[in-house]
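The values are calculated or read from the model by the stated rules, or taken from the named source; none is laboratory data. A quick note: this is a predicted structure, and the numbers were derived from the prediction, not measured. Reconstructed Cβ throughout: ideal geometry from the backbone, glycine too, with neighbour counts over all protein chains shown. Quick note on the areas: whole protein, heavy atoms, side chains included, nothing else; ligands and nucleic acids left out. Shrake-Rupley method; radii C 1.70, N 1.55, O 1.52, S 1.80 Å.
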Amino acid sequence: MGRSRVGLIGAGNVAQRHARVLSGFPDVVLAGVTDVLPEAAARLADTHGTRAFVDADALLRADLDAVYVCVPPFAHGPVEEAVLSAGLPLFVEKPLAADLETAEKVAAMVDGAPTAVGHHWRYLAVVERARELLDGRPVRLVSGAWLDKVPPVAWWSRRDRSGGPVVEQAAHVLDLARLLVGEVTRVCALGDGSPPPSVSEDVDADIDSATAATLRFASGTVGTLTTACVLRWKHRAGLEIYADGLALAVSEDELLVREGEREYRLDGDPEAARVAVDRAFIDAVRRDGDDIRVPYAEGLRTHRLACAIARSAATGEACDV
Ligand SMILES: NC(=O)c1ccc[n+]([C@@H]2O[C@H](COP(=O)([O-])OP(=O)(O)OC[C@H]3O[C@@H](n4cnc5c(N)ncnc54)[C@H](O)[C@@H]3O)[C@@H](O)[C@H]2O)c1
């Protein structure tokens, strides 16, 4: 089998990362990139010695084996529909969309070809270790948090563009909670109703600065999720889990474990996980592996949870997931 020809739709921050990782794989060739900003596509294409295409339709005619969709939340939908209609394997960055309806519509189109969502935390060795430690132990309490700054992209502070901090950022933590503790069935959330300081004068922020949610898992476990985007640094993003006689704190960077008098810390390796998520997708595309941990349907379950929390915070009503 020759090298797999991969196209990128969207040429921003995360696309640059995938392009870097993919161009390090000997069995992949970056076949082209497109972006609604032609200069962004041209820049990324130049960096990797590939072609910039005027739009997704033109890129999809370039004899591709797979496509990465790296657009902001509000731009999902038509792009995935074009990729899936072309019968091509689809890697899509989280969140699946700014809303739930778009993602449900795309999910209904998935048919056979491999799909993967950029929930790379599932490939962290510390997450594997946390799973082993929790095996057979009922979890009693979960406490997730994403406490950070406002990312410097204009779309982020607008609810209809990003979906808000729970959907856009805390989705990683919610995905981990589902993996380690199980499905959430009911949520009740509050937002502070006050936007964070603006990152630029052109952006009229309308997201909450802070959200606090309670979660009920199918197992009976209870939990919380909190978000804040008012800092100037990334303060904490991760999950604390309490089982009988065991306390864990897991994030992209580390796992902290306390079991009675025994206490230890393991380093996370986010870069390895970012490579592994791409490697698993490419292996599936090449029919050379079966380690996609979050296909579209699984990503949709995390997105449903995030959207239920966002909906509850917006309405003040508890929501079933
Ligand atoms: N998994 C991760 O760790 C991770 C890390 C960073 C970003 N992300 C996610 O990736 C997504 C993109 O984030 P980013 O930081 O790269 O944003 P960005 O704004 O830097 O880049 C997005 C790019 O998409 C382009 N674009 C918008 N609409 C388009 C369309 N219809 N067709 C083609 N291009 C289009 C924009 O012009 C922009 O260049 C976000 O949903 C974000 O949450 C995930």
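Observations, loosely collected:
- Subset tally (residues that are farther than 20 Å from residue 122 by Cα and either surrounded by 18 or more Cβ atoms within 10 Å (Cβ to Cβ) or at pLDDT below 95 (or both)) for region 227-243: 5
- Residue match in region 137-146 (condition: closer than 27 Å to residue 232 by Cβ and within 16 Å of the ligand (Cβ to nearest atom)): yes
- With respect to the conditions (1) open to solvent by 30 Å² or more (accessible area, probe 1.4 Å); (2) in contact (Cβ under 8 Å) with a residue 12 or more places away in the chain, residue 308 falls short on a single one, namely (1).
- Among the residues of region 250-279, those identified as assigned to a loop (DSSP other than H, G, I, E, B) and either of a type in the set (Ser, Thr, Tyr) or within 24 Å of residue 170 (Cβ to Cβ) (or both) are 252, 253, 268, 269.
- Tally, over region 159-208, of residues that are of a type in the set (S, T, N, Q) and either open to solvent by 40 Å² or more (accessible area, probe 1.4 Å) or touching a Lys or Arg at 6+ places or on another chain (Cβ under 6 Å) (or both): 4
- Residue satisfying all of: in region 115-125; more than 9 Å from the ligand (Cβ to nearest atom) and within 17 Å of the chain's Cα centre (by Cα); surrounded by the most Cβ atoms within 10 Å (Cβ to Cβ) among these: 116
- Residue satisfying condition, being under 27 Å from residue 249 (Cβ atoms), surrounded by 18 or more Cβ atoms within 10 Å (Cβ to Cβ) and of a type outside the set (Phe, Trp, Tyr), within set 274, 265, 301: 274
- Criterion (within 20 Å of the chain's Cα centre (by Cα), outside any strand (DSSP E or B) and outside the structural domain of residue 18 (by TED's automatic domain parsing)) met by exactly one of 309, 282: 309
- Check on residue 55, surrounded by fewer than 20 Cβ atoms within 10 Å (Cβ to Cβ) and at pLDDT below 95: no
- Applying the condition of being outside any helix (DSSP H, G or I) and out of contact with any strand residue (DSSP E or B) (no Cβ under 8 Å at 6 or more places or on another chain) to region 7-26 and asking which residue is nearest to the ligand (Cβ to nearest atom) yields 12.
- The strands (runs of 3 or more DSSP E) found entirely in region 192-247 that carry 2 or more residues being assigned by TED's automatic domain parsing to the domain that holds residue 138 and among the β-branched types (Val, Ile, Thr) are 210-217, 222-228.
- Matching residues, region 147-158, being open to solvent by 30 Å² or more (accessible area, probe 1.4 Å) and near the ligand (Cβ under 10 Å from one of its atoms): 152, 153, 154, 155
- Boolean, residue 173 is in contact with a Pro (Cβ under 8 Å, 6 or more places away or on another chain), among the hydrophobic types (A, V, I, L, M, F, W, C), within 16 Å of the ligand (Cβ to nearest atom) and not in a loop (DSSP other than H, G, I, E, B): no
- Listed by first and then second residue, the pairs linking a residue in region 144-169 that is outside any helix (DSSP H, G or I) to a residue that is among the aromatic types (Phe, Trp, Tyr) and surrounded by 19 or more Cβ atoms within 10 Å (Cβ to Cβ), with Cβ atoms under 8 Å apart and 6 or more places separating them unless they lie on different chains, are 150/156; 169/146.
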